[in-house]
Each structure stands twice: as C-alpha cells, then as structure tokens.
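Below: the structure, in structure tokens.
Laboratory data are not the source of any read-out in this text; all were calculated from the coordinates shown. Since we're looking at a predicted model, the values are computed, not measured. Counting neighbours? That spans all protein chains shown, and the Cβs are built from the backbone with ideal geometry, glycine included.
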Amino acid sequence: MNRVGFNAVALTVFFAFSVASRGDDALPKLKVSENQRFLVTEDGAPFFWLGDTAWELFHRLNREETLLYLDNRQKLGFNVVQSVVVAELDGKTRPSAEGFLPFGPDPKEPKPVEVEGDYNDYWDRVDFVVREANRRGIYVAMLPTWGRYWHDESFFNPSNAGDYGEWLGKRYKDAGVIWILGGDRHIENDEQRKTLEEMAAGLRRGDGGAHLISFHPGGGRGSSEYWRESDWLDFNMRQNGHNIDFNSYKKTCDDYNLEPTKPVIDGEPVYEDHPVSFNPDNFGYTTAFDVRKPLYWDVFNGAFGHTYGCHEIWQMFDPEDPDQYPVNNPLKSWRDGLDCPGAKQMRYCKRLIESRPFLSRVPDMDLIAPDKVKTSAPGAGTRRFAATRDQEGTSAFIYFPVGRAATIDLGRLQGETLRAYWFDPRDGNSQIVGEFPNEGKKTFTPPALGEDLDFILVIDDASKNYPPPGTVATTVPETDALKTRASRDGGALK
C-alpha cells in the first residue's frame, strides 16, 4: 500500500489489527486539584508542570539521540515533554530517523533486533520514547496529530478520529502521558470541531479516563475559546505566542478568571533563540531573559506550571542532515540548543513555587502599590511586574522584570513581623533582606539596577519560618512529595 495514498479505510484497518502495549515504567496518574486550579498526582501531591517543547522528538531523532535529549532534560528538572505522534514536518509522509512511518507498511525492511530495546516499526519507536521518558520521571504530553492533518487536510475526520483516539488510549493507558489535541490550528468549521470531539471521546474510551486531556490552539489563542464548557477538557492551554510583551501573557490571567474554573497553562510562549515576532531583521532573536519573563508572568498570574521552548530543539534541527529544512531561521543545531541558558533557569521557578504553600496560591497584582511616576511599578509592556501569594497571605512573590524600586502593600499579608529575600532567577540563589514590622507600604530596591536585570522579591510571615526561597523544609506543606520530585530534578535542591 502506498503511504502517500493512505486513506480512511486503511487507517481503520490499521487500528483494528495493531496490538496495544503496556508501559513498564508508568508514573503516578495526574488529576485536577480539588480547587480546580492545579494538577496533583493521584495521591494528592502537588504537580508543577515544567515542560519542554520537543514537537519532532518521535520523528527526527534516533535511539541514541533520544536518550541524549531525555538525559539532558531530566538533569535540568523538566518533568513534561510535549511531542507530536504524527509530526508537523511531514510526519505522515517523511520517514522517521530509522526509516519508519506511522501508518501502513514500512518503506524498507525492518532492522534486525540485535540488542534489547531495538524496535521494528514506528509505534515501537513511540513506545520507546514514552518508556524512556517515564523512567526519567518525565510525562509525555502527547499530541495524537499536528493540526495540519485535521485542519489543512482531512486525513483525520469524524469517521476515523474516534477509532484513532481509542487505539491510542488503549495503547498508552498505563503509561505516563497527557493527551493534547489540536496542534497550532484554529477551529473554523463544524467538521473540524466534530473531528476533535470524536478523537477526545475515543481517547476516553481507550484509556478509561486514566489521563488528562487538553487542547493546543493556534498562536495568540486559548483552548477556552473553543472548549470552555466541554467536560473532556480537563485544563486550559494557551499559545501566547512568540513575542516578548506582557499584553500577550496577561491572557493567562484572563483564562484563570473564567468560569467554569479550570487550571490553565501557557503551552507555547516565546521560544529561546526564536526571531522576536518572527522578524529577526527588526527585533533580533530572543535570549534567556526574554523567556524568563513569560515564565514568571504566567506562573504568578495563575498558571499551574509552564512550558519552555528552544527554537532549535522543537524542530530537532540538524544542519548536517540534507533531508531537513530549517523553519524560521534556527541559529544552531538542536544538540547545541541543549546548552541554552534559559533551559537551565526554568527549574528555579519550580523550586521557588515548591518552597512555599502550593495549592492555595493566587494571583494578586494589588500587592504592588501603584506609583505616580509613569515608568515605575507595576509597569507595562516588557517591564510589567507580577505578583502572587498564598490565600492566607503567609508568603508572597513579586516579579521585578527590571532593576527598579517598587512599593509593596504589606497590608495584604499576615504576620506582625515579615521577612524578605531577593531571589535570583538566573542561578536560584537568594539573599535575605531582613525582618521588619508589617506596617503599611514599603519600598524595595533590587540588589542590582538595570533594564535587563530581573529579580523576585519574596516576603514571608516571619513566624512561619519558611526556608530560604527555592529550598524545601518541613515547615512547607507537601514536603515528602516535593522531596520525591526534587530527586527527579537531579539531586538536592539549593
């Protein structure tokens, strides 16, 4: 059967005769927290989603490269990897690194199984990636297909999407996966909507509701625009896009405030090394500083975690591969992209959040007292401050995107005496400011001043004796669960 001419009938036959497999290294199942704001494990432990974008992981990397990538992401503390089964870059018609395609007969003879773990078709390849990710404490946020295959063309449609979803659901029922429908497309007609509804229903039939489901939308959009009332959508996902202005990222807070209440995450903010607003000639390429700002803007405005992206890694770009073509001017190879500083700095936000009360955290911009000076906090554009605290007011984080003084309304916090720290998002270290009475408003000046120097101000009720920011101690709720996840980050927390 010719792969290019593969049709809906052949697709249905493929589903019927493919054998599902069970993951041997499944992670705890994830679910939505009781307050509908966060994700937790099946035993109730908080789960901070620290994701990496690897859309072409199944398609473009071989076995050795996959292990190199996953080892690196485990070392850097990532616990989610977002990837696409039927990949964007011709994943239906261009063979994988081992020469396999997802549907129909293989284009060449299968390789002999010479060592344990080798595989003989595309789905063995997917199994391998999921298994190895799970072994490293990493969930796979799996897109069944990129949007082009249900939007630009009707390879997946209402007649076969449900069968495909059910088959996938059964195959990965026991693995550590999260289902993400969509794939960078807007829904423009009833057939497209029905296709995704059928796929979601199929996934539920297949896995018995074992895994969470969300939707990855087109640029500047959110899943809530299409599926806010849908029971199958467990949490909202945004694609806030590839620019560096707060006006895009404030939409995370807009989704946070919607009803019905659902957790929200930015599944595609600006990537590191990406042309700013797709215009490198006028705006240049993004830096670690540019990807740190959306991280703290999103999380402090209500997101339950964050997804990082590196422009070279999402497409697994290899300039030595003659069969690849670069998308939007990558600067280097994916292997060199592993060393991007922004990727190394993402974990510090996760550690910061986990070092204070977790499941009661809420956005609170009113912590930042407005200033009469136009250029001061709370700022705007690329200089927008952001703030969050726990509901009881025992601890607060205020993100300073620039090295400028700002005035904080201490009256929104509890405790007769407060203790403050400066937390450095570049290295995860903190320095104590001191203790002071909880009286009125107080102005804080970061330890370094300048336009490209960001810091986080941490203010605690001193009587709680919380540990230095970014560390875990017995005074912080959910300690045992946090210690378990800290070990998956590659060792003890700073």
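Given charges of +1 on the Cβ of Lys and Arg and -1 on the Cβ of Asp and Glu, with all other atoms neutral, how large is the dipole of the stretch 309-370 about its Cα centre, in debye to the nearest 20?
Numbers: 8 positive and 10 negative charges, 107 e Å.
Value, rounded to 20: 520 debye.
Mind putting a number on the dipole of the stretch 316-464 about its Cα centre? Charges go on the C-beta only, +1 for Lys and Arg and -1 for Asp and Glu, and I need it in Debye to the nearest 20.
Working: 20 positive and 23 negative charges, 91 e Å.
Here the stretch 316-464 has a charge dipole of around 440 debye.
Relative contact order (percent) for the chain, with alpha-carbon contacts under 8 angstrom and 6 or more residues of separation? If you can, show how the numbers build up before the last one.
On the way: 1117 pairs, mean separation 63.4, N = 494.
13 percent.
Could you work out the local net charge near residue 220, counting Lys and Arg as +1, Asp and Glu as -1, over the other residues with Cβ closer than 13 Å to its Cβ?
-2
Treating the Cα atoms of the chain as identical point scatterers in vacuum, please give the log10 of the normalised Debye intensity I(q)/I(0) at q = 0.09 Å⁻¹, two decimals.
-0.60
Can I get the semi-axes of the stretch 273-324's equivalent ellipsoid? Compute them from the C-alpha gyration tensor as square roots of 5 times the eigenvalues, in angstrom, largest first. If you can, show how the numbers build up before the last one.
Numbers: eigenvalues 136, 49, 11 Å².
Those come to 26, 16, 7 Å.
Only four residue types carry charge here, +1 at the Cβ of Lys and Arg and -1 at the Cβ of Asp and Glu. Report the dipole size of the chain about the Cα centre in Debye, rounded to the nearest 20.
Numbers: 58 positive and 76 negative charges, 221 e Å.
Computed about the Cα centre, the dipole is about 1060 debye.
Considering the stretch 215-263, what Rg and Dmax in Å follow from its alpha-carbon atoms?
In order Rg, Dmax, the Cα atoms of the stretch 215-263 give 10.6, 33 Å.
Measure nothing but the geometry: give the 0 to 90° angle between the long axis through the Cα atoms of 63-75 and the longest principal axis through the Cα atoms of the chain, rounded to 10°.
20 degrees
Could you sort the peptides 52-61, 310-319, 441-450, 131-140 by per-residue average Cβ neighbour count (10 Å cutoff), highest mean leading? The partial results should precede the final answer.
On the way: 52-61: 25.9, 310-319: 24.4, 441-450: 13.1, 131-140: 21.9.
With the highest mean Cβ count within 10 Å placed first, the list reads 52-61, 310-319, 131-140, 441-450.
Let me know the shape class of the stretch 182-279, please: from the alpha-carbon gyration tensor, a ≥ b ≥ c as square roots of the eigenvalues, rounded when a/c is under 1.5, otherwise prolate if a/b is greater than b/c, or oblate.
Since a/c reaches 1.5 and a/b is larger than b/c, the shape of the stretch 182-279 is classed as prolate.
By the scheme Lys and Arg +1, Asp and Glu -1, what is the net charge of all other residues having a beta-carbon under 11 Å from that of residue 245?
Working: positive: 250, 293, 383, 384; negative: 290.
Residues close to residue 245 contribute a combined charge of +3.
As a quick test, which of the pairs 92/194; 29/350; 344/441; 173/262 have an alpha carbon distance above 29 angstrom in this structure? Can you show the working numbers first?
Values: 92/194 22 Å; 29/350 20 Å; 344/441 35 Å; 173/262 23 Å.
Where the Cα-Cα span goes over 29 Å, the pairs concerned are 344/441.
Pairs of Cα atoms under 8 Å, at least six residues apart: use those to get the relative contact order of the stretch 401-456, whole percent.
Working: 101 pairs, mean separation 30.2, N = 56.
Taking the mean separation of contacting Cα pairs over the length of the stretch 401-456, I get 54 percent.
Helix 161-171 against the longest principal axis of the chain: what's the angle in degrees, Cα atoms only, rounded to the nearest 10?
80 degrees
In Å, what Rg and Dmax follow from the Cα atoms of the stretch 424-469?
12.2, 35
Of 82, 206, 49, which is farthest towards the positive pole of the chain's charge dipole, taken about the Cα centre with +1 and -1 on the beta-carbons of Lys, Arg and Asp, Glu respectively?
Value computed over the given set: 49.
Please give the peptides 352-363, 412-423 ranked by average Cβ packing (other Cβ atoms within 10 Å per residue), highest first, as a rough proxy for protection. All intermediate terms of the calculation are to be shown ahead of the outcome.
On the way: 352-363: 20.7, 412-423: 18.6.
For the peptides 352-363, 412-423, the packing ranking is 352-363, 412-423.
Viscosity 0.692 mPa s, temperature 37 °C: Stokes-Einstein D of the stretch 20-101 from its Kirkwood Cα radius, in µm² per second?
Here the translational diffusion coefficient equals 221 µm²/s.
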